[in-house]
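These notes are about the structure you will find just below.
The values are calculated or read from the model by the stated rules, or taken from the named source; none is laboratory data. Keep in mind the model is a prediction, meaning the values are calculated, not measured. Backbone-built Cβ (ideal geometry, glycine too); neighbour counts: all protein chains shown.
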Amino acid sequence: MPPDFSAVRDQFPALHQTVHGKPLVYLDNAATTHKPRAVIDALVRYYERDNSNVHRGLHALSMRSTDSYEAARARAAAFINAADPAEIIFTRGTTEGINLVAQSWGPTHLKAGDVILATEMEHHSNLVPWQRLAARTGATLRLVPVAGADAEHGLDLAALDRLLTPQVKLFAFTHISNTLGTINPAADLCARARAVGALTVVDAAQSSGHEPLDVQVLGCDFLSFSGHKMAGPTGIGVLYGRRALLDALDPWQTGGGMVANVTYADATWKPSPERFEAGTPNIADAVALHAAMDFLDGLGRPALAAHDHALAATARAALAEIPGLRVLGPKAGSPRAGLVSFALQDAHAHDVVTFADQDGIALRGGHHCNQPLMRKLGLPSTVRASFYVYNTEADITALVTSLRRIQKFFAG
Ligand code: C6P
């Protein structure tokens, strides 16, 4: 039996509304999750009481802001078991964290002949920065293939071993595919990369709010995630980097807050994390992210993962019964993250999403920022239902009823 989190719904104000006269069934959590009252309150409390700039002032409010901001950093370190809060850089989100690595590490560590390795299932945010870095440095970008439907759209690990040559300097991969629901064996992938001396960048956008995460167990060098996909606010994220690596990196952006000494001609940098946080940071959202991490750990992340996996398995089984519906990714019985992507014969994904919206159901339809993967799968787009702690089996029943109605309509 999956853990029962039904009481948690009451803590999410946005869930208690009707859409087109129907109770909202929110199944677009892989795009962004809703926020519990504790997170909203933390944000309001910060602005009502502590609002002030950090690291600069000596007055009471500034000191309170600085303490809260640095407490959020220590909380983020504990959340992913980083050895040192200095390994936590606050960013705008997953995308910015990956770009930070590409811009800071890339140009000084890559040359023509080197290889950057990514995979065919990467979100554009973990693909395009590497394309640009390769073009800029003369390095080559190679991709680990995604296996076919019979192999459940997992990574082709035999191909990975062939691709992992000593020329590979960096391997960037997603922990969980936002389109397929595949959970990649992140610790194993990091170990294989380490064996050839390559650094690893883990895109944890879809795992940070759903799975227990321990960077020391994963053995990764960098890991990036977004607050808004884990019950936290938009505009804040975390880039984890191993301390020794960060201290040897040049900054990406420069300006106030990150400099040790400045003359009219030159400047020197503070160590990490300040080196990578130029300008006034997003203090309020870091403080609210702290509340989100407390909230998730209060529920218990293993229980949260079990809940999301169980809902996805139930949804997968129920959707597979609908005529003309093709489910992507892991098969029944295989591990699957809390999302199900599918294509309905005769109906474009955008039409399915529009029709479901009339039933009060929020889905996502499109290429999910995975255009090359969609082309490879031979699909213009898919529909995606993605689950979080407040979803219940009743939401799946509503989804299936709506999809059956839509299927009949389009099948004529
Ligand atoms: N995926 C989705 O609906 P940002 O936008 O920086 O918070 O996250 C980017 C990102 C990176 N990697 C993966 C695996 C992701 O899923 C996402 C965001 C959303 O699937 C928006 S496209």
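Of the listed requirements (1) surrounded by fewer than 18 Cβ atoms within 10 Å (Cβ to Cβ); (2) under 20 Å from GLU96 (Cα atoms); (3) among the aromatic types (Phe, Trp, Tyr), PHE276 misses just one: (1).
If you go through region 129-145 and keep only what is surrounded by fewer than 21 Cβ atoms within 10 Å (Cβ to Cβ), hydrophobic (A, V, I, L, M, F, W, C) and in a strand (DSSP E or B), you end up with LEU141, LEU143. Out of everything in region 306-324 that is surrounded by fewer than 20 Cβ atoms within 10 Å (Cβ to Cβ) and of a type in the set (A, V, I, L, M, F, W, C), what residue ends up being nearest to ALA411 (Cα to Cα)? The selected residue is ILE322. Checking each residue in region 129-138 for being among the hydroxyl-bearing types (Ser, Thr, Tyr) and within 13 Å of the ligand (Cβ to nearest atom) picks out no residue at all. Each residue in region 383-405 was checked for being within 16 Å of the ligand (Cβ to nearest atom) and either aromatic (Phe, Trp, Tyr) or assigned to a helix (DSSP H, G or I) (or both), and 2 of them qualify.
The number of residues in region 154-167 being touching a strand residue (DSSP E or B) at 6+ places or on another chain (Cβ under 8 Å), not in a helix (DSSP H, G or I) and not small (Gly, Ala, Ser) comes to 5.
Taken over region 226-264, the residue count meeting the criterion of being away from the ligand (no atom under 16 Å from the Cβ) and in a loop (DSSP other than H, G, I, E, B) is 13. Can you name every residue in region 313-342 that is in contact with a strand residue (DSSP E or B) (Cβ under 9 Å, 6 or more places away or on another chain) and more than 24 Å from ALA205 (Cα to Cα)? Once the filter is applied, which keeps residues that are in contact with a strand residue (DSSP E or B) (Cβ under 9 Å, 6 or more places away or on another chain) and more than 24 Å from ALA205 (Cα to Cα), region 313-342 yields LEU319, ALA320, ILE322, GLY324, LEU325, ARG326.
A quick yes/no check of all residues on (1) within 21 Å of the chain's Cα centre (by Cα); (2) outside the structural domain of ALA385 (by TED's automatic domain parsing):
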{"site": "THR234", "(1), (2)": "yes, yes"}
{"site": "TYR240", "(1), (2)": "yes, yes"}
{"site": "TRP252", "(1), (2)": "no, yes"}
{"site": "ALA278", "(1), (2)": "no, yes"}
{"site": "LEU319", "(1), (2)": "no, no"}
{"site": "PRO330", "(1), (2)": "yes, no"}
{"site": "SER334", "(1), (2)": "no, no"}
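For region 201-214, give me each residue that is within 16 Å of the ligand (Cβ to nearest atom) and not polar (S, T, N, Q).
The answer is VAL201, VAL202, ASP203, ALA204, ALA205, GLY209, HIS210, GLU211, LEU213.
Out of curiosity, is LEU163 touching a helix residue (DSSP H, G or I) at 6+ places or on another chain (Cβ under 7 Å) and more than 30 Å from PHE387 (Cβ to Cβ)? No, not satisfied.
Given the structure, is ASN126 buried (at least 24 other Cβ atoms within 10 Å of the Cβ), within 20 Å of GLY235 (Cα to Cα) and either within 12 Å of the ligand (Cβ to nearest atom) or within 17 Å of the chain's Cα centre (by Cα) (or both)?
Working: buried (at least 24 other Cβ atoms within 10 Å of the Cβ): yes; within 20 Å of GLY235 (Cα to Cα): yes; either within 12 Å of the ligand (Cβ to nearest atom) or within 17 Å of the chain's Cα centre (by Cα) (or both): yes.
Yes.
Regarding ASP50, is this residue outside the structural domain of HIS368 (by TED's automatic domain parsing) and of a type outside the set (Lys, Arg)?
The answer is yes for ASP50.
Does region 84-122 hold any residues that are surrounded by fewer than 18 Cβ atoms within 10 Å (Cβ to Cβ) and of a type in the set (Ser, Thr, Tyr), and which are they? Once the filter is applied, which keeps residues that are surrounded by fewer than 18 Cβ atoms within 10 Å (Cβ to Cβ) and of a type in the set (Ser, Thr, Tyr), region 84-122 yields only THR108.
The rows are residues; the columns are (1) among the basic types (Lys, Arg); (2) in contact (Cβ under 8 Å) with a residue 40 or more places away in the chain.
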| site | (1), (2) |
| --- | --- |
| ILE98 | no, yes |
| ALA102 | no, no |
| LEU117 | no, yes |
| ASN126 | no, yes |
| PRO129 | no, no |
| ARG132 | yes, no |
| ARG142 | yes, no |
| PRO145 | no, no |
| GLU152 | no, yes |
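Take region 367-380 and flag every residue that is part of a loop (DSSP other than H, G, I, E, B) and at negative phi. Of everything in region 367-380, those that are part of a loop (DSSP other than H, G, I, E, B) and at negative phi turn out to be HIS367, ASN370, LEU379, PRO380. Residues of region 97-123 that are among the acidic types (Asp, Glu) and within 11 Å of the ligand (Cβ to nearest atom): GLU122 alone. For region 168-200, the set of residues classified as part of a helix (DSSP H, G or I) and either surrounded by 22 or more Cβ atoms within 10 Å (Cβ to Cβ) or within 13 Å of the ligand (Cβ to nearest atom) (or both) consists of ALA186, LEU189, CYS190, ALA193, listed by residue number.
Taking the conditions exactly as written (at pLDDT 95 or above, within 16 Å of the ligand (Cβ to nearest atom), under 29 Å from ASN178 (Cβ atoms) and of a type outside the set (D, E, K, R)), does ILE89 satisfy them or not? Answer is yes for this residue.
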